[in-house]
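Below is one structure, written out as structure tokens, with a few remarks after it.
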Amino acid sequence: MVAETATFVLAHEDCFERTPIVGHLTGSAWIVDPAGERALLIRHRKLGKWLQPGGHADGDGDLHAVALREAREETGLERIVAASCAIYDVDVHRIPARPGEPEHLHYDVRYAFFADPAEPLAPSAETRGAAWVPLSEIVALGVDESVLRLARKTPGLLDARIR
């Protein structure tokens, strides 16, 4: 997926915009509690799936900032701390067609963050809610493989924080 994303970026100067018909770059946030036991997921209103917060770059070439902005907007949290500025994961996934928008790809660049589950959630209207989900229970939500991959990588995120 990294190679596929790199190929897309090299072929589309406007990759941070929604203008390429084939797809565009997005940024998303894998948010875990400091103990690494729970992840913050949103119920996406249009897709009807539990996902990590994230969204369109809309011209912003700083996808880390995009991920943080979207996380704050979709969850209502303010105190989100970057685990690292490095890319945590890359995913390419198909977005179904909707009225006025053809099927296209999201080249999703993902970053890891920590947040305090005690901070009150205030999910945006873009979601059907947000919840802290124990990592051991994520599979029961019927999430996509890409979300399961993020969960499987979480122990490495905690190990890197300790060093």
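Can you go through I87, I42 and tell me which one is under 11 Å from the mean Cα position of the chain (by Cα), at negative phi and either among the hydrophobic types (A, V, I, L, M, F, W, C) or not in a helix (DSSP H, G or I) (or both)? Explain how you work it out, then say what you get.
Details: I87 fails: under 11 Å from the mean Cα position of the chain (by Cα).
So the residue among I87, I42 that is under 11 Å from the mean Cα position of the chain (by Cα), at negative phi and either among the hydrophobic types (A, V, I, L, M, F, W, C) or not in a helix (DSSP H, G or I) (or both) is I42.
Using the structure shown, decide if E4 is of a type outside the set (G, A, S), surrounded by fewer than 16 Cβ atoms within 10 Å (Cβ to Cβ) and not in a loop (DSSP other than H, G, I, E, B).
Details: of a type outside the set (G, A, S): yes; surrounded by fewer than 16 Cβ atoms within 10 Å (Cβ to Cβ): yes; not in a loop (DSSP other than H, G, I, E, B): yes.
So E4 fits the description; yes.
Residues that are among the aromatic types (F, W, Y), more than 16 Å from the chain's Cα centre (by Cα) and over 15 Å from L150 (Cα atoms): does the range 16-38 have at least one? Full working, then the answer.
Start the filter on the range 16-38 by keeping residues that are among the aromatic types (F, W, Y), which leaves 16, 30.
With the extra rule that they be more than 16 Å from the chain's Cα centre (by Cα), the set shrinks to none.
The answer is no; no qualifying residue exists.
Going by the structure shown, is A29 part of a helix (DSSP H, G or I), at pLDDT 95 or above, surrounded by 20 or more Cβ atoms within 10 Å (Cβ to Cβ) and in contact with a strand residue (DSSP E or B) (Cβ under 8 Å, 6 or more places away or on another chain)? So that I can check it myself, show each step before the final result.
Details: part of a helix (DSSP H, G or I): no; at pLDDT 95 or above: yes; surrounded by 20 or more Cβ atoms within 10 Å (Cβ to Cβ): yes; in contact with a strand residue (DSSP E or B) (Cβ under 8 Å, 6 or more places away or on another chain): yes.
No: the conditions fail for A29.
I'd like the residue in the range 95-135 that is touching a strand residue (DSSP E or B) at 6+ places or on another chain (Cβ under 6 Å) and charged (D, E, K, R) and, out of all such residues, is farthest from R72 (Cα to Cα).
My answer is D108.
Mind listing just one residue for me: the one in the range 61-80 that is outside any helix (DSSP H, G or I) and in contact with a Lys or Arg (Cβ under 8 Å, 6 or more places away or on another chain) and, of those, surrounded by the fewest Cβ atoms within 10 Å (Cβ to Cβ)?
Per the stated criteria, the residue is E78.
Among the numbered criteria (1) outside any strand (DSSP E or B); (2) buried (at least 17 other Cβ atoms within 10 Å of the Cβ), which one does A35 miss?
(2)
Within the range 48-59, which residues are surrounded by 14 or more Cβ atoms within 10 Å (Cβ to Cβ) and not polar (S, T, N, Q)?
Of everything in the range 48-59, those that are surrounded by 14 or more Cβ atoms within 10 Å (Cβ to Cβ) and not polar (S, T, N, Q) turn out to be K49, W50, L51, P53, G54, G55, H56, A57.
Restricting the search to the range 58-79, which residues are of a type in the set (A, V, I, L, M, F, W, C) and closer than 15 Å to A130 by Cα?
Those that are of a type in the set (A, V, I, L, M, F, W, C) and closer than 15 Å to A130 by Cα: A71, L77.
I'm trying to understand the selection: among the residues of the range 90-105, which are more than 19 Å from K153 (Cβ to Cβ) and either within 12 Å of the chain's Cα centre (by Cα) or in a strand (DSSP E or B) (or both)?
R94, I95, R98, E101, H104, L105
The values are calculated or read from the model by the stated rules, or taken from the named source; none is laboratory data. For clarity, every value in this text was computed on a predicted model and none was experimentally measured. For neighbour counting, all protein chains shown are included, and Cβ atoms are generated from backbone atoms with ideal geometry for every residue, glycine included.
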